[in-house]
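Taking it in order: structure first as structure tokens, then the write-up.
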Amino acid sequence: MRLFDRLIPRRNRTSVQMVGEGAVWANTLAYKNATVREAVDAVARHAGKLKPRHMQGRAPVPDRIEDVLQLRPNPAMNTYDFLYKIVSMLLLKNNAFAYIHWHGSDLIGLYPVDYTSATAEEDATTGAVTMHFVLQSGRDFWADYGNLVHLRRHFAERQILGADNQPMNEAVELVNASNAGTVNAIKNGSTLRGILRVTKKALDPKETKKRRDEFVRDYANPEDASGIAALDADMEYTPLDPSKLYTIKAAERKQIKDEVYGYFGVNEKIVRSTYTEDEWNAFYESMLEPIAIQLSLELTQKLFTRRERAEGHSVIVEANRLQYASAGTKISLLNTMGMLGIITKDEGREIFNMGKIEGGDQLIQNWNQGGQNQGGDGK
């Protein structure tokens with residue numbers, strides 16, 4: 001986006017020093033691997049369903065911030081696209097950034113920073129931290145750290161940035177080697193079908209080739225459907241089984257693949273969408289919920305002033321965890337919450353992916369509770 005080319009002028013770097021950790025570099029080759037891509041996609045497409053909301057206390061605030069968060073963070077992306085991209089960048093680079101574009105005190109948009117390298121720089125005089133990015137276009141881009149939404153993984157060794165993805169790179173190399181070995185084995189299996197051995201001693205090389213060519217012409221001809229070959233006493237033919245040429249067994253390939261899946265917090269069932277209700281809940285709690293918490297905290301800190309936060313303004317990132325629950329679980333939960341009078345009609349309909357209705361903001365109550373509330377003495 002040209003936004004990054006025009007927003008930030010080149011900084012005066014005379015008083016700037018790196019924050020002890022150096023730059024992080026994006027490995028763009030990993031995403032070209034099919035196993036990596038399907039693992040990242042499995043997390044990002046579910047993260048794209050999260051719902052960021054501007055709240056004050058428990059009430060939603062229908063303002064410009066809410067509009068940006070819920071509908072269109074920037075002109076090129078809706079909320080699903082924005083969340084999908086920033087979570088994909090988080091998984092692939094361990095550091096995802098979104099630039100907050102303000103016009104005075106009005107929020108204009110949130111823009112993912114698609115970088116090839118990122119360096120944290122500290123002003124030696126003021127101590128202010130600035131991020132220096134080299135963008136995919138090759139241009140330099142600087143932004144105050146306080147004006148960036150920053151999500152990170154494997155945040156253990158550095159002061160500001162998450163660690164690199166070296167462990168993933170090693171697993172990806174194994175996957176690539178496995179795939180290359182399988183491809184070569186298939187190619188060999190399609191060209192080398194058997195070995196013809198001439199047992200006669202001291203046979204001239206030209207004669208050996210002639211005997212082989214005659215055998216291929218007579219018995220490896222696709223037009224000959226007999227399937228029967230006749231050999232001289234001094235010839236032996238050994239067919240080759242292409243399946244035995246594969247150097248890596250299926251179980252070994254699966255183990256290598258699972259290492260990549262495990263690095264991204266998924267498994268085969270999550271990737272293929274064959275999970276059970278319990279498996280979905282485990283995936284949500286271990287992978288999606290930490291991202292939602294991190295995103296909520298960053299947006300709240302970076303979008304609101306200290307006074308606004310004290311007044312109860314925050315960004316809550318919600319998820320419909322019941323989306324993948326069984327019908328029995330949904331009905332049981334709805335009955336229980338209805339008995340307690342703590343769920344509205346529209347919230348109950350949302351559990352079953354149904355739209356809102358008139359009067360849907362009223363609490364669901366059982367018959368006895370409803371009668372008592374309406375008549376006071378139950379009459």
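We did not get these values from a lab; they are worked out from the coordinates using the rules stated. Values in this document were obtained by computation on a predicted structure and should not be read as measured data. Cβ atoms come from the backbone with ideal geometry, glycine included; neighbour counts cover every protein chain shown.
Order of 148-158, 304-314 by packing, highest average Cβ count within 10 Å first?
Numbers: 148-158: 17.2, 304-314: 13.0.
Result, highest mean Cβ count within 10 Å first: 148-158, 304-314.
Anything over 18 Å Cα to Cα? Flag those among LYS249/LYS269; LYS93/LYS302; LYS49/LYS85; LYS51/LYS85; LYS51/LYS269, in the order listed. If you can, show how the numbers build up before the last one.
Working: LYS249/LYS269 21 Å; LYS93/LYS302 22 Å; LYS49/LYS85 12 Å; LYS51/LYS85 15 Å; LYS51/LYS269 24 Å.
In this structure, LYS249/LYS269; LYS93/LYS302; LYS51/LYS269 exceed 18 Å between Cα atoms.
Calculated FRET efficiency, ARG72 to LEU297, Cβ-Cβ distance, R0 = 30 Å: about 0.85 to the nearest 0.05.
One chain, two ends: ASP41 and ARG272. Fully extended at 0.36 nm per residue, the span grows by 82.1 nm beyond their Cα-Cα distance. Take the Cα of ALA327, step 7 Å toward its Cβ, do the same at ILE108, and the gap between the two points is 5.1 nm.
With a simple spin-label model that places each label point 7 Å from the Cα along the Cα-to-Cβ direction, the separation between ALA124 and VAL61 comes to 4.1 nm. The fraction of Cα-Cα pairs per 5 angstrom bin, counted from 0 for the stretch 88-173, comes to 3, 13, 21, 24, 19, 12, 5, 2, 1, 0 percent, rounded to whole percents.
Model label sites at GLU285 and ARG349, defined 7 Å from Cα along the beta-carbon direction, differ in position by 3.2 nm.
Distances over 12 Å make up what percent of all Cα-Cα pairs in the stretch 245-301? Tail of the P(r) past 12 Å holds 72 percent of the pairs. If every alpha-carbon in the stretch 29-119 counts as one equal scatterer, what log10 I(q)/I(0) does Debye give at q = 0.14, 0.18 1/Å? Here log10 of I(q) over I(0) equals -0.57, -0.86.
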